[in-house]
Amino acid sequence: MNPSAPPATPAKNFLSILDLSCRDLSRLIDLAAQMKAERRLADQAATANALKGCHVAMLFEKPSLRTRSTFEIAIRELGGHALDLPAQFADGGREPLEDVARNLERWVTALVIRTYAHAKVTTFASAAPRLHVINALSDQEHPCQALADMLTLRERWGECDGRTIAYVGDGNNVATSLAHAAPRLGVSVNLASPSGYELPARVIEDATRGARKGARLRVFVDPREAVAGADAVYTDVWTSMGQEQEAAERRLAFRPFQVGSALMATAAPGAFFMHCLPARRGEEVTAEVFESPASVVFDQAENRLHTQKALLMLLLS
Ligand code: CP
Ligand code: NVA
């Protein structure tokens, strides 16, 4: 395989990891690794003008440091132009979302959108057949995060087959995309969430259907059972954006699911700690684990850039 060639059978949109075949997911990670290695070439890189003449609109209803910054840099490094739209255009108040989408597709090649409701992402995608829509986080999925997570694991492990990652915490958007992605690359996922906060059954079914090379999804009640012998331990905030009014009750429910040194000690020797960031030290992870040598959280953050460059190559170039 030549990773400098864009993956075959490009999808129009990237709303979910499930929009990519296993083969394209794997090739995208390979391409991202190559683009990471070639970043030092700057405007001499073979991809420096891949998006020349392309405008990409960015519409974010929620705060973002990593996703917004890395998309803007990715678009610029591929020779394209990022157009920052005010968040109000995602509320449908001034004009219907379908009309916003049908305007945008006349001017821009793609829309990168972060919303509260996943239905808005699908509305944009279906209303504008020529517009490439990229989900930059919805209440249900965070597929761009999972791409960076898979590159991080592949860098650390080389071949991923036969490895296990434990996800401890909320069965949320980040957990969904991780569960979609990891088994497709042969990585088993052990899940442990408090009662009432588990991944939806549909996510487990979709993730299991996509599993390759013997990877499995297993659901545990006790976080110690999920982490025992795992090669990496992943967690996310207990209260996601938009759930702030539930923070107090969530703190109570999630307390036994904090990732601390004692829990990490039950994982496999050399196991990594992962987090999409931002993290709340003292809630889902202790400061000790967050700052420990096992923590690869800033590798994950760095890899947002390289995987999103590869994604833009796949969808747009
Ligand atoms: N991990 C992540 O998506 O970070 P931001 O919310 O800062 O974009
Ligand atoms: N689950 C978190 C992820 C932030 C990147 C949220 O949705 O707020």
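The values are calculated or read from the model by the stated rules, or taken from the named source; none is laboratory data. Keep in mind the model is a prediction, meaning the values are calculated, not measured. Note: ideal-geometry Cβ built from the backbone for every residue, glycine included; neighbour counts use all protein chains shown.
Out of all the residues in region 250-278, which are within 16 Å of ligand 2 (Cβ to nearest atom) and surrounded by fewer than 19 Cβ atoms within 10 Å (Cβ to Cβ)?
Selection gives 251, 253, 277, 278.
I'd like to verify a number: residues in region 63-114 that are within 16 Å of ligand 1 (Cβ to nearest atom) and outside any strand (DSSP E or B), how many?
Of the residues in that region, 15 qualify.
Only residues that are surrounded by 14 or more Cβ atoms within 10 Å (Cβ to Cβ) and not in a helix (DSSP H, G or I): list them for region 281-291, please. Walk me through it before giving the result.
Taking region 281-291 as the starting set, the residues that turn out to be surrounded by 14 or more Cβ atoms within 10 Å (Cβ to Cβ) are 283-286, 289-290.
Result: 283, 284, 285, 286.
Please enumerate the residues belonging to region 193-236 that are of a type in the set (A, V, I, L, M, F, W, C), more than 21 Å from residue 26 (Cα to Cα) and under 19 Å from the mean Cα position of the chain (by Cα).
Going residue by residue through region 193-236, those that are of a type in the set (A, V, I, L, M, F, W, C) are 199, 201, 203-204, 207, 211, 215, 217, 219-221, 226-228, 230, 232-233.
Filter again for more than 21 Å from residue 26 (Cα to Cα), leaving 199, 201, 219-221, 226-228, 230, 233.
Result: 199, 233.
I need the strands (runs of 3 or more DSSP E) fully contained in region 156-263, keeping only those with at least 2 residues that are closer than 21 Å to residue 138 by Cα and modelled with pLDDT of 95 or more. Explain how you work it out, then say what you get.
Values: elements: 164-168, 188-192, 217-220, 232-235.
Filter on region 156-263 gives 164-168, 232-235.
Answer yes or no: is there a residue in region 281-293 that is free of Cβ contacts under 8 Å to residues at least 12 places away in the same chain, of a type outside the set (A, V, I, L, M) and within 20 Å of residue 64 (Cα to Cα).
Taking region 281-293 and keeping what is free of Cβ contacts under 8 Å to residues at least 12 places away in the same chain, we get 281-282, 287, 291, 293.
Checking the rest, the ones that are also of a type outside the set (A, V, I, L, M) come to 281-282, 291, 293.
Filter again for within 20 Å of residue 64 (Cα to Cα), leaving 281.
Looking for residues that are free of Cβ contacts under 8 Å to residues at least 12 places away in the same chain, of a type outside the set (A, V, I, L, M) and within 20 Å of residue 64 (Cα to Cα), one finds at least one in region 281-293, hence yes.
What residue, among those in region 128-139 that are of a type outside the set (D, E, K, R) and part of a loop (DSSP other than H, G, I, E, B), is farthest from ligand 2 (Cβ to nearest atom)?
To start, the set of residues in region 128-139 that are of a type outside the set (D, E, K, R) comprises 128-129, 131-138.
Next, from what is left, pick out any that are part of a loop (DSSP other than H, G, I, E, B): 128-129, 131, 136-138.
Values: 128: 25, 129: 29, 131: 24, 136: 10, 137: 6, 138: 9 Å.
For region 128-139, the residue satisfying everything is 129.
Looking only at region 152-179, count how many residues are on the phi < 0 side of the Ramachandran plot and either buried (at least 24 other Cβ atoms within 10 Å of the Cβ) or within 14 Å of ligand 1 (Cβ to nearest atom) (or both).
If we filter region 152-179 for residues that are on the phi < 0 side of the Ramachandran plot, which is where we start, we get 152-157, 159-161, 163-168, 170-179.
Now restrict to residues that are either buried (at least 24 other Cβ atoms within 10 Å of the Cβ) or within 14 Å of ligand 1 (Cβ to nearest atom) (or both): 152-153, 165-168, 170, 172-179.
Looking only at that region, the number is 15.
Looking at region 140-155, which of the residues that are in contact with a His (Cβ under 9 Å, 6 or more places away or on another chain) and in a loop (DSSP other than H, G, I, E, B) is farthest from residue 30 (Cα to Cα)?
This residue is 140.
Between a first residue in region 140-153 that is under 11 Å from residue 304 (Cα atoms) and among the hydroxyl-bearing types (Ser, Thr, Tyr) and a second residue that is away from ligand 2 (no atom under 12 Å from the Cβ) and in a helix (DSSP H, G or I), which pairs have beta carbons less than 8 Å apart while being 6 or more apart in sequence or on different chains?
Hits for this filter: 152/299; 152/303.
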